[in-house]
Amino acid sequence: MSWSGMRSKLENEYLAVSLRGHIQYYATSYSQCPDHEGRAAIRFDGKEIIAGCYYNNWLKAALFPRDARYERRMKEEMAFTDDTAVQLGVFDQRSFYEAFSIFDNQSIEESLSSENMLVRIFAILDRRVGKRRLEKIRREIDGEEKTFREFFAIRAAAEGLRAERRGEE
């Protein structure tokens, strides 16, 4: 599928109605680069919330902790995109394409619990996640990664829900 097809599905088919016109997905490859490397981003009201570029891999790779997750990332050539990779911008348009392919071919439940942060972001913005499920996620949000909490807050606000937990639990 072409990027324009993926973007159309993400912004028109999958995106929650409350977020349409507010969330934009962006991916490009640079034709002048030898390997056509590129960048990807998700924008909210024109502001990039997350953005990644292939060249960030080289610039920020030293910041990754060299643990089992690091080794896994390197073996899978960034197909595994966790919160650290998203926060550092160490992902590119191919990571976006891979995440979309995973998201597009599995259930919303599997996407919400995916280890791939981009897949989880696509899922929390998805129209199939209703208010009841958002309330359930809100009750467990303290244990979630920073980037997921940020996108959850965007979605919760769009639905008129509070993003933070209340003291009732």
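Since every read-out is calculated from the coordinates, none of them should be taken as a lab result. Everything numeric here is computed off the predicted structure, so don't read it as measured data. Positions of Cβ are generated from backbone atoms using ideal geometry, with glycine treated the same way; all protein chains shown enter the neighbour counts.
Label-to-label distance, ASN12 versus GLU145, with points set 7 angstrom from Cα along the beta-carbon direction: 3.0 nm. Distant-in-sequence amide contacts of ASP82, defined by a placed amide H-H separation under 5 Å and a gap of 5 or more residues or a different chain, comprise MET117. Each of ARG127 and LEU88 was given a label point 7 Å from its Cα along the Cα-to-Cβ line. The distance between the two points is 3.7 nm. Placing dummy labels 7 Å off each Cα toward the beta-carbon, the span from ALA157 to SER113 is 3.0 nm.
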